[in-house]
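Trainee: Please see the structure below; I have some questions.
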Amino acid sequence: MPIGMIVVKWDNRRGTVLEARFPPSLRVDPDLTMKIYGSHVLGEAREANLISIRVDDLRIISYFGGIEINRYVAILLSEAEDPEDYEEVVVEVASRIFDQIEGGEYLEHLEDLFKLIEQYPHMSIEQKVARLFLDPMKVFVLQKLREKGLMTLDQLSGEIKHAFGLRTVDMRSVLSPLVKLDLVVTRWIEGASSEVAFLVRDCEILRVPPRTKKVPRDIRSSVIALFSKYKPDSREAMVLARALTDPDTYRVLSCIRKKGVVSIEEIRDEVDIPSGELFDILGWLERNRFIEMRGEEVFPLSEPLLLIFFPEYQLRKMIELYGNVESWDEGLRQYLMLLKESYMEMMREKR
Amino acid sequence: MIRQIYIYKKDDLRLIFHRKYANIGRINFDEISQLILPVARAMDDGVIDHSEIFRYRISYGTLGDYIVVMINNRSCDREEVEGALTEYLRDVASQRFNSPLSVEEERHLSILSRRVIATIPAKVCFVGFGGVGKTTLLRLLRHERIPLRYEPTMFGERAIMTLPIGPYRVILFTVGGQERFMPIWDILIRGSDVVVVVTDSTPDNVERTKSQIMPMIRDPARYSVILAIANKQDLPKSLPADVIEQTLGIKTYGCVAIDPAYRSKIMDVIKSALLS
C-alpha cells in the first residue's frame, strides 16, 4: 500500500514548500522534498516529467507539472511496492490537482484522490480503460485520432486548446494513460515539428443486455423496452464508465452479473459493503437502468461492456485520405508498421 | 525581505510611524516620497502599486485614513509583498491613531511591523564549484559539527540559520557544486538577497570562478548583493583575499570554514550584506 501522497511547490525564497499531504499524519523530511524537486529539474529542460527514485528505504514516483506550474505530486511507497504500477495514476492525480491549484479546491478531494491511488494498481484493464471516458480531454483526443489516425503533438495540443479554451496543455499528462494502456504510440518522425501520436488500438464503451440466462420473462420485456429506445451519447458513456470504475459499484455489479437474479442479503454477504452505502449504490444502478429492484430482489436489466479492438477502419481510411501507398510519407509508413505490430500483439493476447 | 516601513496620514501626508530594519544604501527616500505620496493618496482603497529603483522595490497602498509604504528587496516575489502589505494595511486601517502616536500605539505598530517582517524570510545562497567548502560554511553558520569527509551536495541543500539576523529569519541555500548541477543553479539563486561566491583560494579555482561562475550568476542574482568568500586560507599557496577580490571584482573575505573561530566573522559578513 502507498505510504502517502504529497503536493510540493517551489518557492524561489523558501525552496520546496509542502502544500498538502495525505494522510494528514504523514511525516515528510524537507530534505526529501528538495531531492525530489532536484531530480525533476535536472536534465529534463524543466518541462513536465515523471520520475521514479529511491531514497533510503522509500520508493517514490513523482510527476512534475513543468516550470510554469512549478509543483510536483509524489506518491511515497514502501520498498516492496513497484513504482511502475502507479505511473498512470500519479499523472492523472497530478493533472487533476494542477487544474484546481488556484484557490486550493483540490484540498477537499485529497482523500478521494488518495483512495484512487491505492485502488489503481488493483484495477482491471477494463476499468483502467473505462476511466478514460470520464475525462473529456482524453475522449476528445481519442476522437481526433479516430478521425485522423495520426497527429503531431503540436496539432493535438492546438486542437485541445481551441476546444477547451486553454492557454497551455500538458500533452504528456494527457497522453500518458493512453500510451500506458497501449491505445496510442508516440514516435519521432523525421521532418515532423513534434512527436507524432498514432492510434493503434481503439476502445468503446457500450450498454448491453444482461449476459446471464437467469433473467425472468417479465424482466426480459423490460430489457427489450430499454434497448428499443436506447441512444448512446457522451453522458451515457460517463454513466457506463462510472459503473465500471467506481470500485464498490463495480463489485456490486459483478455480483449481479455473476448470479443473475439475486437478493439484497446475498449481495451484502458477498461484497461486504455497509447497508447504507449498498442501498445508495443499488439506487444509483436502478436510476441508471442497470437493475430493477422488486422488494428484496434485484434483477439485471443491462450491463456496461468495454471493448478494446483493432482499429481496422484506419486501414481503409488511410487509403481514402492519403491515396496509394507509393505516395505515402514517413509518418504513414510508420503508422502502417505500428498497426501491424498492434494487430500481431492483439492476436497473441487472444491466444 | 522588507527593509523599512512608513505610515502616513492620508489627509495631510504626515509621517506618523517609521521603522528601519535595514538600510537602503544611498537612496534618499525623503525625495522619492515627494513623488510617491500624492500618487498613493489618489489611489483606490486596497490597491497596491510599486516603484523599483536599483535593487529595491517601494511598495505602497492606502486604506481608510492611512498610506503605508514598504521598502523591500526586488529579489522578493512581488505577489508575496502585495499579500503582506495588504494584510498590514488592513491591520493599520482598522484603528485610529493619534498624531503623534502614544507610547502604547507606537508599541502596537512595532509589534505589527515585526510580525509582517517575519512573513518574508531573508535568503542567502552559497555558490561555487564542488569541494570549495559551501556545505562546511552552512554547517559553520548553523553551529553544526563540521563534516570531516567530503560528500558532494546533490542539487542543493537548504537550512534555516539558527539565529535570526535583526528581525529576519534567514534561509541558507547551497548549490550542488558538480558540473552536472550547474545548469540548474539559477533555480536556487533566484530570489536570493545575498549570493556568496565561494572559492577555495587556489589560483585555478579563482580563475575558473571568474570565467565560469561570475557570468552565470549575473542574471539570476541581478537584484542580489554579491560577495565572495576566499575559503581554505590556511592551505599553502592559497591566494590572499585581496588578490582574489581584484580578480573577481567583488568584495572578498578570507575564511577557514573548518575553524569555528571564523563563525562570527562570516556571520558579520552576512549580516552586513543583508542589512547595509
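Laboratory data are not the source of any read-out in this text; all were calculated from the coordinates shown. Bear in mind that the values here come from a model prediction, so they are computed numbers and not experimental data. Note: ideal-geometry Cβ built from the backbone for every residue, glycine included; neighbour counts use all protein chains shown.
Trainee: For A:ASP218 and A:VAL179, compute 0.36 nm times the residue count separating them, minus their Cα-Cα distance, and round to one decimal in nm.
Mentor: My answer for the length gained is 9.6 nm.
Trainee: Let me ask something additional. Work out, in µm²/s and without decimals, the Stokes-Einstein translational diffusion coefficient of chain A at 20 °C, 1.002 mPa s, Rh from Kirkwood over C-alpha pairs.
Mentor: 95 µm²/s
Trainee: I've got another one for you. If I take all pairs of Cα atoms in segment B:122-275, what percentage of them are more than 19 Å from each other?
Mentor: Summing the P(r) of segment B:122-275 above 19 Å gives 47 percent of all pairs.
Trainee: Report the extension gain between A:LEU134 and A:ASP233 in nm, rounded to one decimal, defined as 0.36 nm multiplied by the number of residues separating them, less their alpha carbon distance.
Mentor: Difference between extended and current length: 34.3 nm.
Trainee: Let me ask something additional. What are the residues whose amide H is under 5 Å from the amide H of A:ASN70, where those residues sit 5 or more places off or on another chain and H is modelled from the backbone?
Mentor: Counting only residues 5 or more places away or on other chains, the set is A:GLY65.
Trainee: Alpha carbon centre of segment B:3-53 versus segment A:41-85: separation in Å?
Mentor: 45 Å
Trainee: What do you get for Rg/Rh over segment A:4-122 if you use C-alpha atoms and the Kirkwood form of Rh?
Mentor: 0.92
Trainee: Hey, can you grab everything whose amide H is under 5 Å from the amide H of A:GLY4? Only 5+ residues off in sequence or another chain; H modelled, so Pro and N-termini drop out.
Mentor: A:LEU76
Trainee: Provide, as a two-decimal number, the C-alpha radius of gyration of segment B:166-246 over 2.2 N^0.38 Å, N being how many residues it has.
Mentor: That works out to 1.15 for segment B:166-246.
Trainee: Of all GluC sites (Glu not before Pro) in segment B:28-99, which ones are in loop regions per DSSP and have a Cβ with at most 16 other Cβ atoms within 10 Å?
Mentor: none
Trainee: Can I ask one more? Are any of the pairs B:LYS237/B:LYS271; A:LYS138/A:LYS350; A:LYS35/A:LYS115; A:LYS138/A:LYS213; A:LYS35/B:LYS271; A:LYS144/A:LYS180 more than 24 Å apart by Cα-Cα distance, and if so, which?
Mentor: In this structure, B:LYS237/B:LYS271; A:LYS138/A:LYS350; A:LYS35/A:LYS115; A:LYS138/A:LYS213; A:LYS35/B:LYS271 lie more than 24 Å apart at Cα.
Trainee: May I pose another question? Can you run phi through the Karplus equation (6.51, -1.76, 1.60; θ = phi - 60°) for segment A:338-351 and list ³J(HN,Hα) in whole Hz, with x for Gly and Pro?
Mentor: Rounded to whole hertz, the list is 5, 5, 4, 4, 5, 4, 4, 4, 5, 5, 4, 4, 4, 5.
Trainee: Also, quick follow-up: Taking amide H atoms as placed 1.01 Å from N in the peptide plane, list the residues 5 or more away in sequence, or in a different chain, whose amide H sits under 5 Å from that of A:VAL208.
Mentor: A:GLU303, A:LEU305
Trainee: Tell me the label-point distance for the pair A:GLU349, B:LEU101, using the 7 Å Cα-to-Cβ offset, in nm and rounded to one decimal.
Mentor: According to this spin-label approximation, the distance is 7.1 nm.
Trainee: Within segment A:104-142, find all residues whose amide N lies under 14 Å from a label point positioned 7 Å from the Cα of A:LEU321 along Cα-to-beta-carbon.
Mentor: Taking a point 7 Å out along Cα→Cβ of A:LEU321, the residues of segment A:104-142 whose backbone N falls under 14 Å are A:141-142.
Trainee: Further question on the same structure: Filter the trypsin sites (Lys or Arg not before Pro) in segment B:125-207 to those in DSSP coil with at most 13 other Cβ atoms within 10 Å of their Cβ, and list the result.
Mentor: Sites meeting the loop and neighbour criteria: B:ARG145, B:ARG149.
Trainee: Enumerate by residue number the GluC sites (Glu not before Pro) in segment A:69-100 meeting two conditions: DSSP loop (anything except H, G, I, E, B), and at most 15 other Cβ atoms within 10 Å of the site's Cβ.
Mentor: In loop regions of segment A:69-100 (DSSP not H, G, I, E or B), the sparsely surrounded GluC sites (Glu not before Pro) are A:GLU79.
Trainee: Now for a different question. Residue-wise, which Karplus ³J(HN,Hα) couplings in Hz belong to segment B:81-96, taking 6.51 cos²θ - 1.76 cosθ + 1.60, θ = phi - 60°, and x for glycine or proline?
Mentor: 5, 4, x, 5, 5, 4, 5, 5, 4, 4, 5, 5, 6, 7, 10, 10
Trainee: Right, here's the next one. Over the protein assembly as shown, what portion of Cα pair distances is larger than 34 Å, expressed as a whole percent?
Mentor: 60 percent
Trainee: With r defined as the distance between the Cβ atoms of A:PHE164 and A:GLU190 and R0 fixed at 35 Å, what FRET efficiency is calculated, to the nearest 0.05?
Mentor: Efficiency at R0 = 35 Å is approximately 0.70.
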